[in-house]
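S.K.: Dropping a structure here in structure tokens format, bear with me for questions.
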Amino acid sequence: MKALYLSLFFAIIATLSNPASTKAQIASVKISGEVDTPYDLTLADLKQFPQTTVMRKEKDGNEHSYTGVILATILQKAGLILGGDKKGHGLTRYVSVDASDGYRVIFALVELDKDFTDRTVILADTMDGKPLPTGDGPFRVIVQDEKKAGRCIKMVTAINVAFAK
């Protein structure tokens, strides 16, 4: 009987200390860098923003609908000012997006600014009305109308704003 309790105890400890289960419970994207108000964006936070849906053809040849928040809106919440007549120093800012597997992509900040582009870039949490598949989410950047999917980064964990030096 003592052995049963002991094995149960260790099973509970193993479950509670499992980083994967803890990570899934507190999934977030760290918004940081050259912003006024860095913050951690959770799935619940993402739902508080206006939602945008974009269509994107994937490697499987099928078009899928992705829903999330325009990336510029997320950056504005951190205090980043977009719009206006950017010149010189204003054009040297960029955004790096990191994934949990070490993959990273870069966007010039003006690529996210509606005053400069009609392309929509979102941080998505759903595909075809369902949560993103485990290997893609819980957060994924989707770049609408980009010919290749290289910057449609999966498993996003961080978004950092910086100045090119």
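The numbers here are math on the coordinates, done by the rules we state, and not lab data. Here the structure is a predicted model, which is why all the values come from computation and not from measurement. Cβ atoms come from the backbone with ideal geometry, glycine included; neighbour counts cover every protein chain shown.
S.K.: Note down the net charge around Pro38, summing +1 for each Lys or Arg and -1 for each Asp or Glu among other residues with Cβ under 15 Å from its Cβ.
M.R.: Neighbourhood net charge equals -3.
S.K.: Exceeding 29 Å between C-alpha atoms, which entries from my cross-link table qualify? They are Lys59/Lys130; Lys30/Lys165; Lys130/Lys165.
M.R.: Beyond 29 Å: Lys130/Lys165.
S.K.: Per residue of the range 78-83, what does 6.51 cos²θ - 1.76 cosθ + 1.60 with θ = phi - 60° give for ³J(HN,Hα)? Whole Hz please, x for Gly and Pro, Karplus curve as stated.
M.R.: Each residue of the range 78-83 in turn: 7, x, 6, 9, 10, x Hz.
S.K.: Normalise the Cα radius of gyration of the range 27-163 by 2.2 N^0.38 Å (N = residues in it) and let me know the number.
M.R.: 0.99
S.K.: How large is ³J(HN,Hα), in whole Hz, for each residue of the range 116-130 in order, when computed from phi with the Karplus curve 6.51 cos²θ - 1.76 cosθ + 1.60 and θ = phi - 60°, using x for Gly and Pro?
M.R.: 10, 8, 9, 5, 9, 10, 10, 9, 9, 10, 9, 10, 6, x, 10
S.K.: Right, next: Toward the positive end of the charge dipole of the range 27-163, about the Cα centre and with charges on Cβ (Lys, Arg +1; Asp, Glu -1), which of Met127, Ser100, Asn62 goes farthest?
M.R.: Projecting each Cα onto the dipole axis, the largest value belongs to Asn62.
S.K.: I've got another one for you. Taking amide hydrogens as modeled 1.01 Å from N in the peptide plane, which residues meet the under 5 Å criterion relative to Ala158, leaving out close sequence neighbours?
M.R.: Those lying under 5 Å, H to H, from Ala158 are Lys30, Asp98.
S.K.: Find the relative contact order for the range 27-163 and round it to a whole percent, using C-alpha pairs within less than 8 Å whose residues are 6+ positions apart.
M.R.: 30 percent.
S.K.: Tell me the chymotrypsin sites (Phe, Trp or Tyr not before Pro) within the range 87-130 that lie in a loop according to DSSP and have at most 13 other beta-carbon atoms within 10 Å.
M.R.: When the chymotrypsin sites (Phe, Trp or Tyr not before Pro) of the range 87-130 are filtered for loop state and at most 13 Cβ neighbours within 10 Å, Tyr103 remain.
S.K.: Taking each pair of distinct Cα atoms in the range 85-151 once, what is the resulting Kirkwood hydrodynamic radius in Å? Walk me through the numbers on the way to the answer.
M.R.: Details: mean 1/r = 0.0743 Å⁻¹.
Hydrodynamic radius (Kirkwood, Cα pairs) of the range 85-151 is 13.5 Å.
S.K.: Can you give me the long-range amide H partners of Thr120? Hydrogens built in the peptide plane at 1.01 Å from N, cutoff under 5 Å, separation of 5 or more residues or another chain.
M.R.: Gln144
S.K.: Under a Cβ-Cβ cut-off of 15 Å, what is the net charge of the residues other than Gln51 that fall near it, where Lys and Arg count +1 and Asp and Glu count -1?
M.R.: Details: positive: Lys47, Lys77, Lys130, Arg140; negative: Asp45, Asp125, Asp128.
Around Gln51, the surrounding residues sum to +1.
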